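Data block below; observations after.
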Amino acid sequence: MGVTRTLGVGMLGCGTVGASVARLLHDGAPSIARRTGATLEVRRVGVRDPGRDRSVPLPPDAFTADLRSVVADPSVDVVLELLGGIEPARALIRAAFDAGKHVVTANKELVATHGRELLEAAAAAGVALRFEAAVGGGIPLVHPLRESLAGDRITRVIGIVNGTTNYVLTRMTEEGLSFDDALTEAQALGFAERDPTDDVEGHDAAAKCAILAALAFDVAIAAPDVYREGITGVRPEDIEFAARLDHVVKLLAVAELADGEVAARVHPAMLPREHPLASVRDSFNAVFVEGEHAGQLMFFGRGAGGAPTATAVVGDLIDVARDIARGARGPAVVPVADRPIRPIEAMQGQYYVCLHVADRPGVLAQVAGAFGSNDVSIKSVWQEGTGEEALLVLITHRANEGDLRRTMDDLRGLDAVTEVRSVMRVEGGE
């Protein structure tokens, strides 16, 4: 394909991902030109400190602290938003649309919170909004769900979408570390931020789950609609009991279509060891997709990091360049399905429950009574330890979440129960 034009690129942000994007565009320029018929040239870069050395192949005068000037620059055809956060990213993207410019973003928080608004604005302006890097880093997920599988009916998406938590749980599983020790190790190796709250409390995974649910089920869903639990409460004993059941503990993002409703949740869960996701270790991510016709598909790879994420950004940019070359605007598909979001209390699941109990006659009968009075059936039960160290471990049959919660409230009111230590879902069972 011969090179027919030069497209100007404006970058908002030049951190780890932005610097990797600049290097990829420079080093891969000949190949990109052959594939798209266009030369992609970074013309303006908006950053907080224009004078800082970033070791990227761009001239110093390309950098500016005036972010709006990047969007307004008439030589810029496509804007790459790599700032993160809601504002000023949202306002700058809207300004780019108003100026008739296509946008590529890696901003999961923004897409998960204001995705519908931005897609509607892009469609109204006749431009593209692409966000492959916002979901799985370097793992291609948006294109397969939105385009490759558009002819299928997706019924369920389940995935490990946060590398930090997967690394922590891997170390707890394989080395017997406590949560705190595993997290400290992850921070020392650069797999966790100094403030890991967004990761370990499940906020990052919930944002990605919302995007996956919107793509899979063509529905408007935001991160606050996703039920969320993190991994800070996972104890070594939970990991050990999971192993006895031939399961592993993973932080899962689950989005499913049930009876016309969309259920979306993020939480730690026990997963059968034979499930494909159970073997996903360390900081790797994977998403398992179930379709009525395509069957089961899994996407695996590095879900974060500068180079993998930059690869997805450049891939989106290349698609935009191709669309421009053939006079198309590319996808700005707005979710249209009118499907209610199912609350967590209405969801069904199987559960693992660990109780600290008094070691005396009649305790099991009291505990079983609390389960039975709330219509939660016990599948198996065993006791660990004696005396003050006695633990009662139970696995339920499938039950309603609301009933399970009422059971836990009743258990906390029993004199025989010192503490409800853990409650965790069991996936892939009944």
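The values are calculated or read from the model by the stated rules, or taken from the named source; none is laboratory data. Remember, predicted model here, so these are calculated numbers, not experimental data. Here Cβ is always computed from backbone atoms with ideal geometry, including for glycine, and neighbour counts include all displayed protein chains. Accessible surface areas use protein heavy atoms only, side chains included; no ligands, DNA or RNA. Shrake-Rupley method; radii C 1.70, N 1.55, O 1.52, S 1.80 Å.
The table that follows gives values for the structure above.
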read-out: Portion, in percent, of the accessible area of the chain that falls on carbon or sulfur, probe 1.4 Å; value: 49
read-out: Lysine pairs with alpha-carbon atoms under 26 Å apart, the chain, spacing 8 or more or separate chains; value: 5
read-out: The range 240-354: radius of gyration and largest Cα-Cα distance (Dmax), Å; value: 18.7, 60
read-out: Distance from the range 203-247 to the range 381-410 (C-alpha centre basis), Å; value: 21
read-out: Scattering profile of the range 295-430 at q = 0.15, 0.16 Å⁻¹ [log10 I(q)/I(0), Debye over alpha-carbon scatterers]; value: -0.81, -0.87
read-out: Rg/Rg_globular for the range 159-234, with Rg_globular taken as 2.2 N^0.38 Å and Rg from C-alpha atoms; value: 1.20
read-out: Pairwise FRET efficiency - D259 versus H356, Cβ, R0 = 45 Å, nearest 0.05; value: 0.75
read-out: I86-A65 pseudo-label distance in nm [points 7 Å out on the Cα-to-Cβ vector]; value: 2.6
read-out: Computed label-point distance, nm, for sites E193 and K379 using a 7 Å Cα→Cβ extension; value: 3.6
read-out: Cα centroid separation - the range 1-80 against the range 270-286, whole Å; value: 37
read-out: Translational diffusion of the range 1-111, µm² s⁻¹ [Kirkwood Rh, Cα pairs; Stokes-Einstein; 10 °C; 1.306 mPa s]; value: 112
read-out: Burial ranking of peptide ranges 17-26, 49-58, 138-147 (average Cβ count within 10 Å, highest at the top); value: 17-26, 138-147, 49-58
read-out: Mean accessible surface per residue for the chain, computed with a 1.4 Å probe while every protein chain stays in place, in Å²; value: 42
read-out: Helix-only mean residue ellipticity at 222 nm for the chain, each DSSP H run of n ≥ 4 adding -39500 (n - 2.57), per residue, nearest 500; value: -10500 deg cm²/dmol
read-out: For q = 0.09 Å⁻¹, Debye-computed log10 I/I(0) when each Cα of the chain counts as one equal scatterer; value: -0.61
read-out: Computed magnitude of the charge dipole of the chain (debye, nearest 20; Cβ of K, R +1, Cβ of D, E -1); value: 1660
read-out: Residues whose placed amide H lies under 5 Å from that of A399, excluding near-sequence neighbours; value: G349, Q350
read-out: Estimated FRET transfer efficiency when R0 is 51 angstrom, pair A29-A368 (beta carbons, to 0.05); value: 0.15
read-out: Estimated distance in nm for a label pair at R322 and R405, the labels positioned 7 Å out from Cα along Cα-to-Cβ; value: 4.6
read-out: Cut-off 17 Å, label 7 Å out along Cα→Cβ of E389, residues of the range 350-366 by amide N; value: 355-360
read-out: Trypsin sites (Lys or Arg not before Pro) lying in DSSP loop within the range 251-304, provided at most 11 other Cβ fall within 10 Å; value: none
read-out: Max mean-square fluctuation residue, GNM over the chain, Cα-Cα springs under 10 Å, options D409, D259, D238; value: D259
